[in-house]
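Data first, discussion second: the structure below is written as structure tokens.
Read the figures in this text as sums done on the coordinates, not as results from a lab. Just so it is clear, the model here is predicted, and its values are computed rather than measured. For neighbour counting, all protein chains shown are included, and Cβ atoms are generated from backbone atoms with ideal geometry for every residue, glycine included.
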């Protein structure tokens, strides 16, 4: 990654990040969260966590409900990514390599080599950590990971991740909201850096 490419991509992600967050201030926050969680599992670059937190902190009593919506939508989106990899990859794979951050031929080859021995844990790790989940959903279909194993790992990891965020918003809503309001700019930068780090892990480390 060149020195010029990083600021340009960071700026794009910043704009997308703020666009995602603006849905929390509209009546369509819930549907937007479901759509974001679904699409992020196969092609959209930003995870749904910031919008989930914004909605949960805005309405702490509904935080766990938002976490459930996010989890179910993400697993369904992951299944969509699996089906793309399973049935359409030869036709559309080049589009993902060209336009979706983190989805590269090198990442796919390395992920595929690990699926045979560590299929469940590979999907679980991607579903719970900042590693781009979409790479693993698409690759699971391409390399024919058992669909039951894939769905179980996805359901457990996505529910654990989003359930934790929802529980934090529900239990500590006002204090957490005050902290985020105070350090929003810094947290935005940290979030984008973690996102880029996740892409870098997929590309250079796996």
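Contact order for region 25-160, expressed relative to its length and based on alpha carbon pairs under 8 Å spaced 6+ residues apart, stands at 29 percent. Note that region 103-146, at 10 °C in a medium of 1.306 mPa s, gets a Stokes-Einstein diffusion coefficient of 158 µm²/s from its Kirkwood radius over C-alpha pairs. Diffusion coefficient (Stokes-Einstein, Kirkwood radius over C-alpha pairs, 4 °C, 1.567 mPa s) for region 29-127: 88 µm²/s, rounded to a whole number. Per-residue packing, averaged as other Cβ atoms within 10 Å, sorts the ranges 134-147, 86-99 into the order 134-147, 86-99, beginning with the highest.
Give, in nm to one decimal, the length gained when the segment between residue 83 and residue 146 is fully stretched (0.36 nm per residue of separation minus the Cα-Cα distance).
Values: separation 63, 0.36 × 63 = 22.68 nm, distance 1.20 nm.
Taking residue 83 through residue 146 to full extension adds about 21.5 nm, to one decimal.
Here the calculated FRET efficiency for residue 172 and residue 90, from their Cβ-Cβ distance with R0 = 41 Å, stands at 0.30, rounded to the nearest 0.05. Compared with the alpha-carbon gap, the fully stretched path from residue 65 to residue 129 is longer by 20.9 nm at 0.36 nm per residue. Spin-label model, residue 99/residue 113: points 7 Å from Cα along the beta carbon direction are separated by 3.0 nm.
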